[in-house]
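Below is one structure, written out as structure tokens; the observations come after it.
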Amino acid sequence: MILNTRVLVLNQNYEPINVCNTRRAINLLGKRKAENVIDTREYLRSINDIFDKPDVIRLFYMVKRPLQRKKLTRKEIFERDKFQCQYCGTSKKTLTFDHVVPRCNGGNLSWTNIVSACKPCNLKKAGKTPKEAGMKLINFPREPKPNRYSFIDHEKIKTSWIPFIPWSKKKYSSLEIKENILI
């Protein structure tokens, strides 16, 4: 259980690149591939040695990570559109997604052709384009920007990680801290 706690992994330039478990972090430290930046002031004991339990480690070499594009999923479409119908603006629990250019007219399955729609608007539009149906889009659909820090769970950020995560300084400066995890 202790070896499954989360450890922030930094690149050589102190940019966060991953979150791993303590076992993996100790393995990287033991192979001299990383250094311990912040420890938890706790210790792990083996038969022959005592280790500082790491909380943040930094790799000795630079790792190039390509930006991860968001996957085109139902959930991501609804999040991009803020769970609102893009034709009438209502926020309903039963949203569907709609092809702006219908598939029967050559519309494809892409970020720029799919929007969230409530059932009445989706039925009204049917197999027509918004112009043919006399409907206007509130927001033009586009692909969301890639997230460099998608591996970080925003609800489980440890306070010791805040100096290393660029957007966290603004976001978490006034939040309440309890047991080394932000609430």
Worksheet entry | Shape call, region 64-121: gyration tensor on alpha carbons, a/c limit 1.5 | oblate
Worksheet entry | Cut-off under 5 Å, modelled amide H: who pairs with ILE114 long-range | VAL100
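Taking the Cβ of GLU15 as the centre, find all other residues whose Cβ is under 12 Å away and add up their charges (Lys, Arg: +1; Asp, Glu: -1).
Details: positive: ARG58, LYS64, ARG65, ARG148; negative: none.
So the environment of GLU15 carries a net charge of +4.
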Worksheet, complete the sentence: Out of ALA25, ALA133, ALA117, a Gaussian network model of the chain with alpha-carbon springs under 10 Å gives the largest mean-square fluctuation to ALA133
Item to complete: Using only Cα atoms, figure out Rg for the chain and give it as a multiple of 2.2 N^0.38 Å.
Response: 1.45
Discussion item. If Rh is defined by the Kirkwood formula over all Cα pairs and Rg also comes from Cα, what ratio Rg/Rh do you get for region 1-69?
Written reply: 1.00
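What net charge is computed for the residues neighbouring ASN105, neighbours being all others with C-beta under 11 Å from the C-beta of ASN105, Lys and Arg scored +1, Asp and Glu -1?
Working: positive: ARG103, LYS128; negative: GLU132.
Net local charge, ASN105 excluded: +1.
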Practice prompt. Just name one of ALA117, PRO102, PHE78: the one whose Cα is farthest towards the positive end of the charge dipole of region 77-133 (beta-carbon charges, Lys/Arg +1, Asp/Glu -1).
Written response: ALA117
Worksheet item: Which three lengths, in whole Å and largest first, does region 37-144 cover when its Cα atoms are put on their principal axes?
Response: 75, 30, 22
Item to complete: Go through ILE162, GLY134, VAL19 and say which Cα lies farthest out towards the positive end of the charge dipole of the chain; charges sit on Cβ, +1 for Lys and Arg, -1 for Asp and Glu.
Response: GLY134
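Once you mark the GluC sites (Glu not before Pro) that are in a DSSP loop and have at most 12 other Cβ atoms within 10 Å, what is the longest gap between them in the chain?
Details: sites that count: GLU176, GLU179.
Excluding the exposed sites themselves, the longest stretch runs over 1-175.
Bear in mind these aren't lab numbers, they're just calculated from the coordinates by the rules spelled out. The shown structure was predicted, so the numbers you read here are calculated from the model rather than taken from an experiment. Every residue, glycine among them, receives a Cβ derived from its backbone with ideal geometry; neighbour counts consider all protein chains shown.
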